[in-house]
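The values are calculated or read from the model by the stated rules, or taken from the named source; none is laboratory data. Model, not experiment: these values are computed from the prediction. Ligands, DNA and RNA are stripped out before the accessible areas are found, and what is left, the full protein with its side chains, is counted by its heavy atoms. Shrake-Rupley method; radii C 1.70, N 1.55, O 1.52, S 1.80 Å.
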Amino acid sequence: MKEFTYTIKDQLGIHARPAGMLVKEAKKFSSSITIRGKDGKSSDVSKILNLMAMGVKHGDVITVQADGKDEEAAISAMKTLVTNNL
C-alpha cells in the first residue's frame, strides 16, 4: 500500500469539479484508491457522491491511499492531480 498526505489549499475544498477529476483518474487504475479526511471519514475515490459527502474544506489534511497491483502508478497520478487542483 502506498499513501501520501496533503493539506487542501483550494478555498472551496473538494467540490464537484475536482471530485469529478479525481473519480475519472481513479477509474484508470485497478488499485483501490481511498481518501481519508478529518473525523475518520473515508471514501473510495471512484464514488463521487461519497467523496463530496466527506465535506473536505480548505485547510483540512487528507490522506490518499492506493492498494493493488498498480498502486505505484495510481498514487503518483493522484498526487499530481491533488497537488495541481486542490
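Some notes on this structure:
- Two-decimal log10 I(q)/I(0) for the range 1-68, as the Debye equation yields it once each C-alpha is a single scatterer, q = 0.22, 0.25 Å⁻¹: -0.91, -1.17
- In the chain, the longest principal axis of the Cα atoms and the axis of helix 71-85 are about 30 degrees apart.
- Sequence of Asp67, Asp44 when ordered by accessible area, the most exposed leading, probe 1.4 angstrom: Asp67, Asp44
- Ranking by accessible area, most exposed first, for Met21, Met78 with a 1.4 Å probe: Met21, Met78
- Here the 3J(HN,Hα) profile of the range 43-49, calculated from phi with Karplus coefficients 6.51, -1.76 and 1.60 at θ = phi - 60°, is 8, 5, 5, 7, 10, 4, 5 Hz, Gly and Pro shown as x.
- Using a probe of 1.4 angstrom and keeping all protein chains present, the accessible surface of the chain works out to 56 square angstrom per residue.
- Cα extents for the range 33-86 along the principal axes, largest to smallest and rounded to whole angstrom: 29, 20, 17.
- Tilt relative to the chain, helix 16-26 - C-alpha long axis, 0 to 90 degrees, to 10: 10
- On the chain, 51 percent of the accessible area sits on carbon and sulfur atoms, based on a 1.4 Å probe.
- The heavy atoms of Glu72 offer some 110 square angstrom of accessible surface to a 1.4 angstrom probe.
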